[in-house]
1. What pairs in LYS117/LYS169; LYS228/LYS458; LYS199/LYS475; LYS378/LYS491; LYS117/LYS300; LYS353/LYS376 have C-alpha atoms more than 21 Å from each other?
2. Among residues other than ASN263 whose Cβ falls under 11 Å from its Cβ, what is the net charge (Lys/Arg +1, Asp/Glu -1)?
3. For ASP262 and MET97, FRET efficiency with R0 = 25 Å and r from the beta-carbon atoms, rounded to 0.05?
4. What relative contact order, as a whole-number percentage, does segment 127-252 give when Cα pairs under 8 Å and 6 or more residues apart are counted?
5. Taking 7 Å along the Cα-to-C-beta vector as the label spot, tell me the VAL34-PHE463 distance in nanometres, rounded to one decimal.
6. At 0.36 nm per residue, minus the direct Cα-Cα distance, what do PHE2 and VAL429 gain on full extension? Give it in nm, one decimal, please.
7. Does anything in segment 213-234 have its amide N under 11 Å from the 7 Å Cα→Cβ label point of LEU197, and if so which residues?
8. Considering only C-alpha atoms, what is the centroid distance from segment 44-93 to segment 357-371, in Å?
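All of the numbers you see were taken from the coordinates with simple rules; none came from a lab. In this text the structure is predicted, and so the values were computed from the model without any measurement. Positions of Cβ are backbone-derived with ideal geometry, glycine not excepted, and every protein chain shown enters the neighbour counts.
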Amino acid sequence: MFSKVFSADICGVDAYPICVEADVSGGLPSFNMVGLLSSEIREARDRVIRAITNSQIDIPPRRVTINLSPASLRKQGSGFDLPIAVALLSALGIINMEKTEGRLFIGELSLDGSINKVNGVLPICMMARQQGFKSVIVPKDNAFEGSVVNGLEVYSAGTLSELIESLNKDSLNPVSKIDLGPVLDRAYTESSLDYGLVKGQEKAKRATMVAVAGFHNLLYIGAPGSGKSMMARCIPTILNRMSVEECLEVSRIYSVIGKLKDNSMVLHRPFRAPHHTTTDTALIGGGSNPRPGEITLAHKGVLFLDEVGEFKRDVIESLRIPIEQKSIVISRVSRQARMPADCMLVLATNPCKCGFYPDRRLCRCTDADVAHYMSKIKGPIMDRIDICAGTARVEASRLSEEMDGMTSEYMRGRIAAAQSIQRERFRDVGISYNSQIRQEDIDIFCPLKDPLKDLLNKAYKKFNMTARGYYKVLKVARTIADLEESRDIQKNHLLEAISYRNIY
Ligand SMILES: [Zn+2]
């Protein structure tokens, strides 16, 4: 007897369908598995046989062949135990073969027959809906991930014997659907951090507001203890709420690495702050079975590199392409993984080794030392930065005040207004923020009057800007104009944007 059922595997953060075939014939009893399998899938044989036996089902001694196709792709996941067991049991006639049609099975088996949680259920359900599967059967502990995918029937099962019975009797346990919109609204609440508590940094706060409004990459530069990290860590308090689609897009990444909290999605925009000892693989992703790195975990949120000068140069360099392309492609022998990386990059650095440049009373670095220190950032990544913001050391008297200057609530309101202008502008273009304007569309969205063109050309020469830097100034000026609710880019908007390119 022969049967086949569907399952799925993950590459990067995408799921794709896998067909599991079982053939049972006479001859010497054996159990063979083929189809370019990783060692953990080969071990499935023992788990599946023990799980079936311990579910009080006798397997007659037969020659069993299991094939996972397409054969050209290397399979790695741990979720194949359940589909292998289901395929085998339907080939043996224990499960009614018709009941498995159009369904996708995913789950790991314990020796006692219980079905264990696996990673990547959310992207698998999303893929199943897209590919037109009738339903998906997931482990009970993964039920929540099935509850948020609309337009797809999802059933959960706790044990193999329970699943066999409910399949044969058409009494599968449906997972009820959850509307994520209200859940996201409830989660979008106040935090203990607030820009109102960051004193005497109105200029840096203004720069941060501009950066967030247009989703521009940002660099803080200032002396140690001047509040660079604090400024960055407050950014989540002014980010807008994620849409349901964004929530699913981000949550599926966390599902793949098993980092979704129990019965929850990722409800806030991610804020990732890897340590400076991190490797390039941890930052941009990789491995023989490509796993997402920090830049993908920061998708739709913020990637913050504190003390960026302390990172290894090649680690920083590795960010260049993904930051520009908003995604990362990792190629392996049999396949390619493309992972999303659409995040706002925020960096913080001291201006020199001792940290006090340009205050010559305190800084003892030579000009060459300062240049060398900054070259580590300037060379590889400065071109990807849209806004440089200096943080000032604050006199002690200012620190005793309560709320000071712009609060997070005020900034959030201004940002929301500027972002709704951008949404309206880009309705037909398929982008959301000014930072995403393509080079060929710059003249359409960021037109300058002639005197302002001259002004920008002078700045271009004076500050030795690159072409990329030139366009970044225009995009930032567009965001500043939006914050001021001005239709045209005015001189003061352009001057402010130019001032963000040059910190000294
Ligand atoms: Zn110094």
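1. Details: LYS117/LYS169 24 Å; LYS228/LYS458 31 Å; LYS199/LYS475 29 Å; LYS378/LYS491 27 Å; LYS117/LYS300 27 Å; LYS353/LYS376 12 Å.
Long pairs (Cα-Cα over 21 Å): LYS117/LYS169; LYS228/LYS458; LYS199/LYS475; LYS378/LYS491; LYS117/LYS300.
2. On the way: positive: LYS261; negative: ASP141, GLU145, ASP262.
So the surrounding residues net to -2.
3. Working: r = 35 Å, r/R0 = 1.40.
Approximately 0.10, to the nearest 0.05.
4. Working: 105 pairs, mean separation 23.5, N = 126.
With pairs under 8 Å counted, the relative contact order is 19 percent.
5. The two pseudo-label positions are separated by 6.5 nm.
6. Values: separation 427, 0.36 × 427 = 153.72 nm, distance 5.06 nm.
The PHE2-VAL429 span can extend by a further 148.7 nm.
7. 234
8. With segment 44-93 and segment 357-371 each reduced to a Cα centre, they are spaced 68 Å.
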